[in-house]
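The values are calculated or read from the model by the stated rules, or taken from the named source; none is laboratory data. Remember, predicted model here, so these are calculated numbers, not experimental data. We place every Cβ from the backbone using ideal geometry, glycine too, and count neighbours over all the protein chains shown.
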Amino acid sequence: MRHNGADHQGLSSLDKDRAADLTKLCAWAKTAARYPKTAADMEAIIAGSDPLAHWLASSQPLLEELFRCWREAPQTTLEAHQVEYTRLFVARWGGVPAPLHASYYLNRETFRGDAADTAVAFYARHGVLWSETELQEPPDHLAVELEFLEILCQSVSPAPGRGENQARGAVPELWQDFWRSHFGLWTLPCAAAMEQHAKLPLYKVLALSLIQLWEQEMGHEGTRQGSLCHGL
């Protein structure tokens, strides 16, 4: 993704302090939600996990197990995560337990359904261009949508020296619109399926992180919609 340039009742507001914390969380989650092709990919996931120690304390035992496996047998650990990623999210005899694209949950288990177009439209509202050639993932893939959330957070709480984004004032409203009408509608059932079927600590942590983020962002709105999500 490349960036070019009224609160809803029940949803959390995105202010500068929250955005700074969520930038790191979204950055880690988007990395964990992508296929680990190389050892460098696994190292990036491990190196970026520090924010979870404070944001999701229950993840520590699982992360420590991941760190131990990586220290003792990195190649074996990488291959195990490649197999697990494929089994959970890409291809498995009898069906994939937790597909990572919104269309599966919002458009009757289709691929590249209307939800993909909805995601692209949200990106365009913030001047973000989605490139399939660059990302090799559909626009409604979990990793892509998490990157969009990361971009929104960075716009509200820019890194030192980067300056303020001219569109910053509109970002909190866009954040809430995205959660209310798209992202918040499918990530809970995805994360619940991931938590249920994951065997390796990394994907259990990813699931728990998404569940906590969903509960934090959706608030009372999420409580009302949660039963619908679990019923899918």
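Brief remarks follow.
- Unmet requirement for Thr77, which otherwise passes all of (1) in contact with a Cys (Cβ under 8 Å, 6 or more places away or on another chain); (2) at positive phi: (2)
- Every listed requirement among (1) farther than 23 Å from Phe89 by Cα; (2) crowded, with 17+ Cβ neighbours inside 10 Å is met by Leu25 save one, (1).
- Taken together, His101, His81 contain a single residue that is surrounded by 19 or more Cβ atoms within 10 Å (Cβ to Cβ) and in contact with a strand residue (DSSP E or B) (Cβ under 6 Å, 6 or more places away or on another chain), which is His101.
- Checked against (1) modelled with pLDDT of 95 or more; (2) under 21 Å from Leu210 (Cβ atoms), Pro138 passes all but a single condition, namely (1).
- Just one residue in the set Ala39, Ala19 is modelled with pLDDT of 90 or more, under 28 Å from Pro138 (Cα atoms), touching a helix residue (DSSP H, G or I) at 6+ places or on another chain (Cβ under 6 Å) and surrounded by 13 or more Cβ atoms within 10 Å (Cβ to Cβ); that residue is Ala39.
- Scan of region 50-73 for residues that are modelled with pLDDT of 95 or more and more than 14 Å from Leu200 (Cα to Cα), ordered by number: Arg71, Glu72, Ala73
- Filter result for Leu213 (at pLDDT below 95 and buried (at least 18 other Cβ atoms within 10 Å of the Cβ)): yes
- Filtered residues of region 104-135 (kept if at pLDDT 80 or above, closer than 22 Å to Met194 by Cα and surrounded by 13 or more Cβ atoms within 10 Å (Cβ to Cβ)): Tyr104, Tyr105, Leu106, Asn107, Arg112, Gly113, Ala115, Ala116, Ala119
- Selection of region 71-104 for residues being in a helix (DSSP H, G or I), of a type in the set (A, V, I, L, M) and touching a His at 6+ places or on another chain (Cβ under 9 Å) yields Leu88, Ala102.
- Hey, Gln75 farther than 17 Å from Leu25 by Cβ and of a type outside the set (Phe, Trp, Tyr) or not: yes
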